[in-house]
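This report refers to the structure that appears directly beneath it.
Coordinate-derived values only; no laboratory data. For clarity, every value in this text was computed on a predicted model and none was experimentally measured. Virtual Cβ from ideal backbone geometry, glycine too; neighbours counted across all protein chains shown.
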């Protein structure tokens, strides 16, 4: 397997599943009438993804500067820049026009502005946020200058997060902690509310079993402060509207897909409020696409002129990012590149 294929597979596998913004879906507001969506085996009928998604931008990240990228862990994209967190625990600021790595931050350590191990990054119109396994959120401006550090005391085992207008949403990786799976905080990360509380009565008091999450994008808020939350235990999807968490729908694989190695609900996106589901990682027929009311648009979307393995959704943009071989002429004649960032939008 060449490095490109390896990295594309790695990106899809480690991202696991996503939690993104959604405007509407056919479901009872009290969650009593569940909408169940079955993802079927498309067979031989494969639709090119460029029938449904247009290429907005393709950026070649230059290898000719002083900075080096390791394999990509997470990414946040603004209008002018991309911020990549890689597996060397560095954050790189990349100019989306030139592909140049403008600056790079590596602040791993135990100092007041250091992080122990970054679990992910996200951003808003003003700042970049880093979730640290050391139970802190670090805040940077877009010049990668440290602005603040907020302690996560009282938030057990946060595994993923997103920034919303009034604060943050965190995923609690301890399955049987009574504080809940999804945790809502204010701007200083103080607990406001929590949902999906599933304590296990048979567990010894004070003992919790942890579910390990590795590079999984769980939350992407929309411009109205709504967040679609995907509970991986049963592939149920919940919408947080700023006040309540409401169950919207649930996904399941049909019998022809069950038991197939590497096939499960990996990622969920919501371009234009529709629902895009990735359930495999071979690039052919990996995606099922549904409208806002959970009606099937196309089953078996895959293939195209440029890679389409989104690792996150930002606004209405689906972002694919992967490292490539650092050799002159690998992608561009006479030019050495380190990575590609590809942005698609729904048609």
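Computed quantities for the displayed model
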read-out	value
For region 259-347: rounded, prolate or oblate by the Cα gyration tensor [a/c cutoff 1.5]	prolate
36, 341 arranged by Cβ crowding within 10 Å, fewest neighbours leading	36, 341
Order of 191, 332, 130 - criterion: other Cβ atoms within 10 Å of each residue's Cβ, fewest first	332, 191, 130
Efficiency of FRET from Cβ geometry, residue 260 and residue 124, R₀ 41 Å, rounded to 0.05	0.60
Within region 327-347, backbone nitrogen closer than 18 Å to the virtual label 7 Å beyond the Cα of residue 64 toward Cβ	327-341
Net length gained if the chain between residue 332 and residue 241 were fully extended (0.36 nm per residue, minus Cα distance)	28.3 nm
Rg ratio (alpha-carbon, reference 2.2 N^0.38 Å) - region 45-103	1.35
Ascending count of other beta-carbon atoms within 10 Å, so fewest first, for 44, 255, 100	44, 255, 100
Paramagnetic reach from residue 45 in region 291-330 [backbone N under 15 Å; point 7 Å along Cα→Cβ]	296-302
Highest to lowest packing among 80-91, 293-304, scored as the average C-beta count within 10 Å	80-91, 293-304
Estimated FRET transfer efficiency (residue 291, residue 193; beta-carbon r; R0 51 Å; 0.05)	0.95
